[in-house]
1. Can you name every residue in segment 34-75 that is of a type in the set (Gly, Ala, Ser) and under 21 Å from Leu220 (Cβ atoms)?
2. Just the residues that are β-branched (Val, Ile, Thr) and either closer than 22 Å to Ala204 by Cβ or surrounded by 22 or more Cβ atoms within 10 Å (Cβ to Cβ) (or both), please, taken from segment 42-73.
3. Can you tell me which condition Gly76 does not meet? The list is (1) surrounded by 13 or more Cβ atoms within 10 Å (Cβ to Cβ); (2) over 26 Å from Tyr272 (Cα atoms); (3) at pLDDT below 95, and all the others hold.
4. Wholly within segment 1-103, which helices (runs of 4 or more DSSP H) include no fewer than the required count, namely at least 1 residues that are on the phi > 0 side of the Ramachandran plot?
5. Just name the residue that is surrounded by the fewest Cβ atoms within 10 Å (Cβ to Cβ) out of those in segment 164-185 that are under 16 Å from Ala90 (Cβ atoms) and more than 19 Å from the chain's Cα centre (by Cα).
6. Does Ala204 meet the test of being over 16 Å from Arg104 (Cα atoms), assigned to a helix (DSSP H, G or I), in the same structural domain as Ser226 (by TED's automatic domain parsing) and of a type in the set (Gly, Ala, Ser)?
7. Pick from segment 247-267 the residues that are in contact (Cβ under 8 Å) with a residue 12 or more places away in the chain and assigned to a loop (DSSP other than H, G, I, E, B): which of them is surrounded by the most Cβ atoms within 10 Å (Cβ to Cβ)?
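The values are calculated or read from the model by the stated rules, or taken from the named source; none is laboratory data. Predicted, not measured: the structure shown is a model, and the values here were computed from it. A quick note on method: Cβ atoms are made from the backbone with ideal geometry, for glycine too, and the neighbour counts reach across all protein chains shown.
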Amino acid sequence: MTIKMIASDMDGTFLDDRGSYDRERFETILDRLDERGIRFVVATGNNMDRVGIMFKGLLNRLDFVVENGAHLLVKGNTINRSILDQEDVALFLDYFKAQLAAYRVILTGSKYSYMLDAAEWEMTNHMIAPEEAKAFMDGIVRVESFEDIPKNEAIIKMSMVATDFAEANAVMADFNAHFAGNLTAVSSGFGTIDIIQTGVHKAAGLQKLMERFDILADELMAFGDSGNDVEMLQLANYSYAVGNAPQIIKQHAKFLAPSHKDAGVLEVIEDYLDNH
């Protein structure tokens, strides 16, 4: 068993139930990974605004597959960024035109994220750490209509927040069955739905990094807990679902890690480093 790359989802996987992690413990692990030449990849649906806060001071030691594979960075430097087709964005907005505020739709651009004035939502502390939640919400530009977004602002990702998991699952199932464009709805935890370009996901981003560094799927360890982790778990030979993941996600992983509340990702990595 030789590992050359470790990729982990963030919310509900690497991060605990307070949206945080043991920084000192992770830095010790990162030192050990560096000694062996093992790359650590942050694989998340979040953008670099939040990720940059989360890993402040460590960006030049990590690789990133953010925005569900639409934005790739090596040691903090962008190597690839995909944008959504304007026609698909328009079709999406028309599909949910009556529920854009109710579903708290967010359009993430290359510069800013946008949400309707009419949308009522505040990130709760169980989602992410309070200071990160504040920074995220402060970074959202409120608009009366999505037509008010500057025409030169490329849309990278779209997301929605349902009331609960049941509603999120129903919305995703309906969208994926009936939407006519080149977009797919995937769960990203806490009732959040990410709308991504079909075929642009975490696994596709990881494959680009793996090709860049001549790393095989047999040399990849990956951790996840949600629908937007499925392709990544299927890609990795050493795939782990955390204990808190839904059963349907666990079915896509070869192994089970302890819950995110128990720092399962760090525990598995430490066990590997201690025994190989």
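1. Gly37, Ala43, Gly45, Gly69, Ala70 - these are the residues of segment 34-75 that are of a type in the set (Gly, Ala, Ser) and under 21 Å from Leu220 (Cβ atoms).
2. Selection gives Val42, Thr44, Val51, Val65, Val66.
3. For Gly76, the failing item is (2).
4. none
5. Once the filter is applied, the top-ranked residue is Ala180.
6. Criteria met by Ala204.
7. Taking the candidates together, the pick is Ala253.
Here's the yes/no breakdown for (1) in contact with a helix residue (DSSP H, G or I) (Cβ under 6 Å, 6 or more places away or on another chain); (2) closer than 23 Å to Arg39 by Cβ; (3) modelled with pLDDT of 95 or more:
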position	(1), (2), (3)
Asn237	yes, yes, yes
Ala241	yes, yes, yes
Pro246	no, no, no
Ala253	yes, yes, yes
Leu256	no, no, yes
Ser259	no, no, yes
Gly264	no, yes, yes
Ile269	yes, yes, yes
Asp274	no, yes, yes
